[in-house]
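Right, one structure below, let's go through it.
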């Protein structure tokens, strides 16, 4: 059983959904980023998504685009992202870690080498936003061989003809994108999310995590009543950005400010079904 399977199994036993948090690797600088990721689990994150910085993040809104630019300017790349995971695993062997991003850095790294090195560093799964099921075989095969979960995306436009293709060969969990559009621009509708999760469960037994458009503890709680996990990213990235000086350097208190938001989100998720 993988870390992701164990974590969702434990959440089911607890009778609650999980909180998945997203931040970009290397934002605003490698040292601050490492401190942030190291504190997420203790603050209440059940799974951790690490954004792989990329110069053309087409699915992301301004907040995550700017986070990626800050990280790239600090020299962050895919190899250093894997090194970050390796260091995190020295202190935390249990929390699932999922990389999220775009295929270009993986393609340049080499799919087989990426899958091997990612698992070696302690990565449990990968979400590749711009790699549709029709074109992901060159990553699916080495990922499966290495033991790396390939997490597929479903969206509000995924109909009953396409969903079987999406869930086929998926592993870990299904990531449901709750809004049509880019990250961080508008909020998800809880009724629409509940309907979509119910439909997805007809096609897969994998857990369903819902992201995009979830910003507050109240919204996270609403999602947690229907889904197996709520994913929060843009609002945490924006909290980080609010604690930068004009030169994009971390101000004192940045790490605590972000982790305080994570604690509030975790309370919302944990109390959602009470």
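The values are calculated or read from the model by the stated rules, or taken from the named source; none is laboratory data. Here the structure is a predicted model, which is why all the values come from computation and not from measurement. Methodologically, a virtual Cβ is constructed for each residue, glycine included, from the backbone with ideal geometry; neighbour enumeration extends over all protein chains shown.
Is it true that residue 80 is surrounded by fewer than 19 Cβ atoms within 10 Å (Cβ to Cβ) and over 24 Å from residue 249 (Cα atoms)?
Considered against the rule, which asks whether it is surrounded by fewer than 19 Cβ atoms within 10 Å (Cβ to Cβ) and over 24 Å from residue 249 (Cα atoms), residue 80 comes out as no.
Go through the stretch 86-110 residue by residue and tally those that are without any contact (Cβ under 8 Å) to a residue 40 or more places away in the chain and assigned to a loop (DSSP other than H, G, I, E, B).
Here the count works out to 2.
What number goes with the only condition from (1) within 14 Å of residue 18 (Cα to Cα); (2) surrounded by 23 or more Cβ atoms within 10 Å (Cβ to Cβ) that residue 193 does not pass?
Looking at each condition in turn, residue 193 falls short on (1).
Would you check which residues across the stretch 120-132 are surrounded by fewer than 18 Cβ atoms within 10 Å (Cβ to Cβ) and over 15 Å from the mean Cα position of the chain (by Cα) and list them?
120, 132
Give 143, 71 a once-over and let me know the one that is more than 28 Å from residue 248 (Cβ to Cβ) and in a helix (DSSP H, G or I).
Result: 143 is the single residue among 143, 71 that is more than 28 Å from residue 248 (Cβ to Cβ) and in a helix (DSSP H, G or I).
Could you pull out the residue among 118, 113 that is in a helix (DSSP H, G or I) and free of Cβ contacts under 8 Å to residues at least 12 places away in the same chain?
On the way: 118 fails: free of Cβ contacts under 8 Å to residues at least 12 places away in the same chain.
One residue alone meets the criteria, 113.
Have a look at 59, 45 and point out the one that is under 27 Å from residue 228 (Cα atoms) and touching a strand residue (DSSP E or B) at 6+ places or on another chain (Cβ under 7 Å).
Among 59, 45, only 45 is under 27 Å from residue 228 (Cα atoms) and touching a strand residue (DSSP E or B) at 6+ places or on another chain (Cβ under 7 Å).
Evaluate the following for residue 151: is it modelled with pLDDT of 95 or more, surrounded by 14 or more Cβ atoms within 10 Å (Cβ to Cβ) and within 18 Å of the chain's Cα centre (by Cα)?
It is true that residue 151 is modelled with pLDDT of 95 or more, surrounded by 14 or more Cβ atoms within 10 Å (Cβ to Cβ) and within 18 Å of the chain's Cα centre (by Cα).
For residue 202, are the conditions met, namely being surrounded by fewer than 17 Cβ atoms within 10 Å (Cβ to Cβ) and touching a residue at least 40 places away in the same chain (Cβ under 8 Å)?
no
So which residues in the stretch 218-247 are closer than 22 Å to residue 66 by Cβ and under 19 Å from the mean Cα position of the chain (by Cα)? It would help to see each step written out before you state the result.
Step one: list which residues in the stretch 218-247 are closer than 22 Å to residue 66 by Cβ, which gives 231-247.
Within the stretch 218-247, 231, 232, 233, 234, 235, 236, 237, 238, 239, 240, 241 meet the criteria.
Tell me yes or no: at least one residue of the stretch 50-67 is at pLDDT 95 or above, touching a helix residue (DSSP H, G or I) at 6+ places or on another chain (Cβ under 6 Å), outside any loop (DSSP other than H, G, I, E, B) and farther than 23 Å from residue 107 by Cα.
Within the stretch 50-67, none of the residues are at pLDDT 95 or above, touching a helix residue (DSSP H, G or I) at 6+ places or on another chain (Cβ under 6 Å), outside any loop (DSSP other than H, G, I, E, B) and farther than 23 Å from residue 107 by Cα.
Given the criterion touching a residue at least 60 places away in the same chain (Cβ under 8 Å), under 17 Å from the mean Cα position of the chain (by Cα) and on the phi > 0 side of the Ramachandran plot, identify the matching residue among 61, 44.
Numbers: 61 fails: on the phi > 0 side of the Ramachandran plot.
Selected residue: 44, the only one of 61, 44 that is touching a residue at least 60 places away in the same chain (Cβ under 8 Å), under 17 Å from the mean Cα position of the chain (by Cα) and on the phi > 0 side of the Ramachandran plot.
Checking the conditions here, which among 213, 172 is closer than 28 Å to residue 55 by Cβ, in contact (Cβ under 8 Å) with a residue 60 or more places away in the chain and surrounded by 16 or more Cβ atoms within 10 Å (Cβ to Cβ)? Can you show your working first?
On the way: 213 fails: in contact (Cβ under 8 Å) with a residue 60 or more places away in the chain.
Just one listed residue meets the conditions, 172.
Mind counting the residues in the stretch 146-157 that are over 22 Å from residue 117 (Cβ atoms) and not in a loop (DSSP other than H, G, I, E, B)?
2
Among the residues of the stretch 1-44, write down those that are in contact with a helix residue (DSSP H, G or I) (Cβ under 9 Å, 6 or more places away or on another chain), in a helix (DSSP H, G or I) and more than 18 Å from residue 265 (Cα to Cα).
30, 32, 33, 34, 35
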